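See below for the structure under consideration.
The values are calculated or read from the model by the stated rules, or taken from the named source; none is laboratory data. Nothing here was measured: the structure is a model prediction, and the numbers come from that model. Every residue, glycine as well, gets a Cβ built from its backbone with ideal geometry; the counts of neighbours run over all protein chains shown.
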Amino acid sequence: MTCDCGNVISWLLRVPIKGSKLLFKKYKNIQLLLLILILMEGYSKCEANFVPLSPISFLERAAFVYAKSVSIIYNDVTYTWKETYDRCVKLASALSIIGVTPGKVVATFAPNTPAQYELQFGVPMAGAILCSLNTSLDPPTLATTLQQLEAKVIFVDHQYIHSVSEAIKILSHEKTALASPSVVLIDERNHTIVPSKTLDYEELLSSGKSDFNIIHPNDECDPISINFTSGSTGKPKGAVYSHRSAYLNSLSVIFRYDIKKMPVFLWTVDMFRCNGWCFPWAVAALGGTNVCLREVTAKVIFNSIMIHKVTHLCGPPTILDKIASSKADEQRVIPTRVDVIVAGPLPSLEIILKVEKFGFDIHHGYGMTEALGPMTDRSLTTSNPQENDKDIEIQKIRCREGTHNILTQDVDVKDPETMISVPSDGNTIGEIMFKGNIVMLGYFNNMEKTQKVFKGGWYMTGDLGVRNPNGDIEMKDRKLDSIITNGEIVSTIEIERVIRTHPFVKEVAVVGKPDNALGETPCAFVTLKGECTLTGCAIIEFCQEKSLPRNMIPRNVCFEVLPMNSTGKVLKFLLRQKAKTTGSILCGNGY
């Protein structure tokens with residue numbers, strides 16, 4: 001469609017001034033508008049120069065450019081990129097045959113197996129929306145989620161067939177007009193006892209047509225997937241990703257971690273977390289190899305690196321704990337560079353340095369489901385770290401969140417009321433906000449929540465932070481978790497980082513305890529390692545030795561196993577209830 005500039009200009013010149021008041025109000029300089037129209041003469045947006053962005057194209061290209069290269073390794077199973085492409089096409093065809101139409105939701109409930117990887121492409125290629133669900137969900141929660149999604153089909157690994165069967169049973173007893181989803185079993189053992197009418201994954205694929213016409217999005221902002229938030233601050237919400245944001249964030253991942261052609265990616269991050277941080281699509285774009293895993297252990301990590309020459313792995317910081325606490329006969333000195341990317345509260349400096357000594361380059365990211373995973377990054381690797389070097393400890397453990405990636409338009413810390421940026425002084429606290437091309441479309445079937453987090457052209461994270469003089473963002477706390485002591489905001493994250501460095505501490509969570517005089521005071525809930533024993537006073541004294549400000553030193557310390565949700569996030573709202581009934585500790589330090 002071309003622009004007939006001559007006719008438009010003639011019309012503009014004939015419009016009386018009074019009648020064109022609104023036009024002049026919109027375009028303050030009518031001459032500039034005319035110039036733009038003249039310059040656009042002959043320009044055309046068409047299929048030749050505009051194709052909706054979609055990560056589907058990465059697989060199509062990989063099947064041609066890297067046809068014979070290995071795409072997937074899983075135990076004794078190996079596929080090439082041409083084979084993976086063919087399987088995904090047949091999967092998309094089979095979905096269409098069983099009635100999955102464009103725009104419908106297809107759910108998965110599986111670990112990081114080849115089938116889970118194929119679904120990241122096959123479902124969008126059928127025009128449907130993929131929702132990979134957390135395999136830790138219990139049957140009642142799973143039933144509620146499937147009902148909310150109105151999922152047409154659910155693909156389930158044999159390991160979780162019992163949970164899904166129970167969820168389907170719950171759905172069948174619900175008084176609703178919605179039909180229960182069809183179940184497709186991913187059965188590696190071929191002898192799983194399954195409910196009637198259950199389809200087999202490989203049989204379903206064999207029913208698909210290899211010449212199926214892939215359904216590309218008409219609009220690049222069409223949904224490609226739904227990923228649920230952790231629910232650490234409330235009921236989990238389904239963040240909807242577009243083909244466009246998935247495509248662009250996949251490229252962003254490549255830039256951010258300087259990934260070269262044909263990397264070897266070890267699947268230690270769950271694909272149900274932000275579509276595996278978009279790595280399924282990024283690896284396809286580079287023709288790399290996916291080493292799929294059913295279970296993540298230190299032994300598997302080291303062996304996979306040695307056998308397959310792994311270049312990248314990522315996930316929550318617990319991966320660092322697994323590597324650092326590995327047994328001597330499991331450990332290996334990494335012969336080549338391996339980048340390990342983590343996002344979340346970091347473990348102690350001791351663990352980080354131990355992992356580095358094995359040969360890993362550690363990156364720490366900050367992000368969230370709504371941003372398709374980590375959106376800022378900072379390398380934690382240091383050269384020749386000196387023991388007890390406080391500068392290194394500050395650099396690593398405080399862990400400023402780093403610089404935003406190339407496809408995030410902007411990250412800022414603002415006053416949420418005035419929307420004015422806070423000064424870059426490292427002290428003034430505001431809310432972290434961002435905008436750009438890798439932000440979700442919104443929350444699935446929840447316009448109220450969507451409108452609440454999108455304000456003035458920004459996504460409001462609900463995280464409190466500061467901007468340092470060098471421009472880096474430093475997260476201080478979740479807005480809901482922060483403590484107000486004597487009118488000042490106290491960061492629970494900073495207290496937790498200090499306590500976590502104690503050699504006897506395994507896990508820690510800090511919440512506010514109501515105080516008549518100060519408003520709130522810090523209350524620490526601590527889980528100790530193994531058979532270690534410790535007193536509350538010892539924790540308080542440790543915080544004093546680490547020079548924590550007086551208002552950040554806990555007045556209450558409780559030792560127990562921390563309550564966590566299915567994603568491994570601490571349920572602080574439960575701890576806040578417990579904190580109300582705990583008594584203050586009396587130590588020789590005045591507390």
| query | Looking at this structure, is Lys529 farther than 22 Å from Pro416 by Cα and surrounded by fewer than 16 Cβ atoms within 10 Å (Cβ to Cβ)? | reply | yes
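Name the residues in the stretch 146-156 that are in contact with a Leu (Cβ under 8 Å, 6 or more places away or on another chain) and on the phi < 0 side of the Ramachandran plot, would you? Please lay out each step first, then the result.
Restricting attention to the stretch 146-156, the residues satisfying the condition of being in contact with a Leu (Cβ under 8 Å, 6 or more places away or on another chain) are 146-147, 150, 153-156.
Across the stretch 146-156, the qualifying residues are Leu146, Gln147, Val153, Ile154, Phe155, Val156.
Yes/no per residue for (1) aliphatic (A, V, I, L, M); (2) under 15 Å from His363 (Cβ atoms); (3) buried (at least 19 other Cβ atoms within 10 Å of the Cβ):
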residue	(1), (2), (3)
Trp281	no, no, yes
Gly287	no, no, yes
Val296	yes, no, yes
Lys299	no, no, no
Ala324	yes, no, yes
Pro335	no, no, no
Of the residues in the stretch 73-97, those that are among the hydrophobic types (A, V, I, L, M, F, W, C) and over 22 Å from Lys209 (Cα atoms) number 2
Scanning the stretch 143-163 residue by residue, those touching a helix residue (DSSP H, G or I) at 6+ places or on another chain (Cβ under 7 Å) and assigned to a helix (DSSP H, G or I) turn out to be Ala143, Leu146, Gln147, Ser163
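In this structure, does Val156 turn out to be farther than 22 Å from Asn213 by Cα and surrounded by fewer than 21 Cβ atoms within 10 Å (Cβ to Cβ)?
In short, no.
Report yes if some residue within the stretch 318-331 is in contact with a Pro (Cβ under 9 Å, 6 or more places away or on another chain) and within 30 Å of Ile224 (Cα to Cα); otherwise report no.
Checking the stretch 318-331: at least one residue is in contact with a Pro (Cβ under 9 Å, 6 or more places away or on another chain) and within 30 Å of Ile224 (Cα to Cα).
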Of (1) surrounded by 24 or more Cβ atoms within 10 Å (Cβ to Cβ); (2) β-branched (Val, Ile, Thr); (3) out of contact with any helix residue (DSSP H, G or I) (no Cβ under 8 Å at 6 or more places or on another chain), Thr108 fails just (3)
Those residues of the stretch 413-440 which are closer than 19 Å to Thr369 by Cα, hydrophobic (A, V, I, L, M, F, W, C) and out of contact with any Lys or Arg (no Cβ under 7 Å at 6 or more places or on another chain) amount to Ile432, Phe434, Ile438, Val439, Met440
Picking from Ser136, Ser172, the residue that is surrounded by fewer than 18 Cβ atoms within 10 Å (Cβ to Cβ), assigned to a loop (DSSP other than H, G, I, E, B) and among the polar types (S, T, N, Q) would be Ser136
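Just to check your reading of the model, which residue among Ile129, Ile72 is of a type outside the set (Lys, Arg), closer than 30 Å to Val164 by Cα, touching a helix residue (DSSP H, G or I) at 6+ places or on another chain (Cβ under 6 Å) and crowded, with 20+ Cβ neighbours inside 10 Å?
After ruling out the rest, the residue left standing is Ile72.
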For helices (runs of 4 or more DSSP H) lying entirely in the stretch 477-591, having 1 or more residues that are closer than 30 Å to Asp138 by Cα and touching a residue at least 12 places away in the same chain (Cβ under 8 Å) picks out 492-500, 572-579
Restricted to the stretch 59-83 and to residues being aromatic (Phe, Trp, Tyr) and either touching a residue at least 60 places away in the same chain (Cβ under 8 Å) or outside any helix (DSSP H, G or I) (or both), the residue farthest from Pro114 (Cα to Cα) is Tyr66
Exception for Asn565 within (1) at pLDDT below 90; (2) of a type in the set (S, T, N, Q); (3) in contact with a strand residue (DSSP E or B) (Cβ under 7 Å, 6 or more places away or on another chain) falls at (3)
Given (1) surrounded by fewer than 22 Cβ atoms within 10 Å (Cβ to Cβ); (2) touching a residue at least 40 places away in the same chain (Cβ under 8 Å), Gln116 misses just (1)
